1. Here is a list: R149, R116. Which entry is modelled with pLDDT under 95, closer than 24 Å to V19 by Cα and surrounded by fewer than 20 Cβ atoms within 10 Å (Cβ to Cβ)?
2. Any idea which residue in segment 84-137 is nearest to E54 (Cα to Cα), counting only those that are among the polar types (S, T, N, Q) and under 12 Å from the mean Cα position of the chain (by Cα)?
3. Among the residues of segment 34-60 satisfying the criterion of being part of a helix (DSSP H, G or I) and of a type in the set (V, I, T), which is surrounded by the fewest Cβ atoms within 10 Å (Cβ to Cβ)?
4. Among the residues of segment 67-89, write down those that are surrounded by fewer than 24 Cβ atoms within 10 Å (Cβ to Cβ), under 17 Å from Y43 (Cα atoms) and of a type in the set (D, E, K, R).
5. Give segment 109-160 a look and list any residue that's part of a helix (DSSP H, G or I), in contact (Cβ under 8 Å) with a residue 12 or more places away in the chain and under 23 Å from C33 (Cα atoms), or say none.
6. Give me the pairs, please: first residue somewhere in segment 5-21 and in contact (Cβ under 8 Å) with a residue 40 or more places away in the chain and closer than 20 Å to R155 by Cβ, second residue anywhere and of a type in the set (S, T, Y) and surrounded by 15 or more Cβ atoms within 10 Å (Cβ to Cβ), beta-carbon distance under 6 Å, and either six or more positions apart or on two chains.
7. If you go through segment 1-33 one residue at a time, how many are within 15 Å of the chain's Cα centre (by Cα) and exposed (fewer than 13 other Cβ atoms within 10 Å of the Cβ)?
8. Could you please let me know if L129 is in contact with a Pro (Cβ under 9 Å, 6 or more places away or on another chain) and hydrophobic (A, V, I, L, M, F, W, C)?
Amino acid sequence: MNYGEIKNCDIANGEGVRVTLFVSGCTHHCEGCFNPETWNFSYGKPFTEDTIQEIMTMLAPDFIDGLTLLGGEPFEPDNQRALLPLLRRVRRELPSKNIWAYSGYTLETDLLSDSRARCECTDEMLSLLDVLVDGEFIQEQKNISLSFRGSENQRLIDMPCSLRAGHVIWKKLESDQIRMK
């Protein structure tokens, strides 16, 4: 797997201060994609053990809330195989950090059912996530007022609650709860 960029101290791709990994490779090719260079699986640099160590070092400070995966497409099967060791290590060594992933695939039809995205890593990868933002970006449904998503069809899914319940449960955002007070 290759990656396009690692951002440290990112506040745009999930709650709090985050380390964000933009993976390379995506077959969705959404119209209006903000990162089309990452469609190419060869774009960027190779994702190696050194890359994992760099991410772990960036995640270590107390002010960093967690890791976000996006791209490209983290749930392309080859990307899942490369990312799973990173997610396992974050859970093992930094259990207080949360993990978000963005995917153009939808949870029920693509990731939990037979599809081209589903592979031997999918269930474990989903089980290691705190939040999944799913669904392709749809230009006609673009809404800049949405928190942490680009189009109205995309969902912020609370993965632990959803997996326990057997159906999608939306993530309650701290920022939404503050606005309601």
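The values are calculated or read from the model by the stated rules, or taken from the named source; none is laboratory data. None of the values given here were measured: they were computed from a predicted structure. Here the Cβ is made from the backbone with ideal geometry for all residues, glycine too, and neighbour counts use every protein chain on show.
1. R149
2. Checking each candidate, the answer is N98.
3. Per the stated criteria, the residue is T57.
4. Across segment 67-89, the qualifying residue is only D78.
5. D110, L111, Q139, Q141
6. Pairs that qualify, where the first residue is in contact (Cβ under 8 Å) with a residue 40 or more places away in the chain and closer than 20 Å to R155 by Cβ and the partner is of a type in the set (S, T, Y) and surrounded by 15 or more Cβ atoms within 10 Å (Cβ to Cβ), are N13/T20; N13/T68; G14/T68; R18/T68; T20/T68.
7. Total meeting the criteria: 2.
8. The answer is yes for L129.
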